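Every number in this text was worked out from the coordinates using simple rules, so none of it is lab data. Remember, it's a predicted structure, so these values are computed and weren't measured experimentally. Here Cβ is always computed from backbone atoms with ideal geometry, including for glycine, and neighbour counts include all displayed protein chains.
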Amino acid sequence: MPELESKVCKILAENLSVPESQVTPKARFQEDLDADSLDLVEAVLALEEEFGVTIPEEEMEGVQTVGQAVQLVASKMGVGA
Amino acid sequence: MPEGERTVALVTGASRGIGSATCLALARTGLAVAVGYRSDPEGAEETVAKARADGGTAIAVSIDVRDEVSVDGAFGRVEAELGRVRVLVNNAGYTRDGLAVKYATEQWDATVETNLTGAFLCTRRALPGMLKARWGRIVNVASAAALRGNAGQAAYSASKAGLVGLTKSLAREVGGRGITVNAVCPGFVHTRMTEPQSEESRQRYLEMTPAGRFGTPEEVASVIAFLAGPEAGYVNGAVVSVDGGLTA
């Protein structure tokens, strides 16, 4: 899990063009990382590509923090978070 | 256009008419072109042969725009053989004229599925690659019928007006990522699709068209090629009439 988390955070940092140090589990996409809805979709597309998972739009809706995104990816990969 | 990368275009409904002419116009500007076809592989191969004779790169790709699986498969093939699609021309179109009061639900669905849903499915499949590249061109081939109604074309004009709405919303969604989404609205152009029109209806269109003649597929294709090119980067969400003045 820590490995997955750091991988997800790295991809999010790259996609949202923010320093990795800001991408912590508690960081909120909109408020803390200045990500709009398209930024978020792009980040999800990158995560899908990296981890070979599919994340439906309705499951993205509740995701507000980096930690939640990690959980979502973990659940899609069948890894307990 | 991304540096040092061959730009790949996919044109749907490209075995003849405006789609075919668009493939040739794009191939002439140096793009590698996927000639999308559904029902007419011979026509698509003819387009490919013409593009190659011009020194261009082209392949024929079977794609039924109404079917997600077919769309995904076609994009996969283009990606494998040419590269990721940077220019998408949603041209596949369908029309069966008839007065609304007696128009069959199946005809309505067929029209909307090809003209509108098909463009959406292709666009949705193309966007992730374009977003990643921070560059893309989408040109939707709508119709003058999207802007002015036509008796007997309720389904067709509704689907094409829908395509204009799709164009404008998409332009706003992805315009910040180097992607443009525009629509062209051809008037009466000589193609297989307009052949079934009665002589009377042709005459009526001719009278309404200030140019006093019908357009050619090439005249529409050159506008599409411009919108798909590097010089049109600041044209986004535009609805460009190519109709000899029909909707002026």
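Counting every alpha-carbon pair across the stretch A:2-76, the share separated by more than 21 Å comes to 12%.
Of all complete DSSP H helices in chain A, those with a Cα span along the helix axis of 18 Å or greater and a mean Kyte-Doolittle hydropathy of 0.5 or more are A:37-51. With respect to chain B, whose longest principal axis is taken over its alpha-carbon atoms, helix B:118-133 is tilted by about 30°.
Rounded to the nearest 20, the size of the Cβ-charge dipole of the stretch A:2-76 about its Cα centre is 320 debye, with Lys and Arg at +1 and Asp and Glu at -1.
Each stretch of four or more DSSP H residues adds -39500 (n - 2.57); spread over every residue of the protein assembly as shown, this sum gives -14500 deg cm²/dmol at 222 nm.
The angle between the Cα long axis of helix B:199-208 and the main principal axis of chain B comes to about 80°, on a 0 to 90 degree scale. Overall size of the protein assembly as shown from C-alpha positions, given as principal axis extents largest first: 72, 49, 33 Å. One quarter of the convex hull surface built on the alpha carbon atoms of chain B amounts to 12.6 nm², the projected area averaged over directions. Between the stretch B:1-58 and the stretch B:207-235, what is the separation of their alpha carbon centroids in Å? Going from one Cα centre to the other spans 17 Å.
For A:K7, the lysines whose Cα falls under 19 Å of its own Cα, not counting residues fewer than eight places away in the same chain, are A:K26, A:K76, B:K132.
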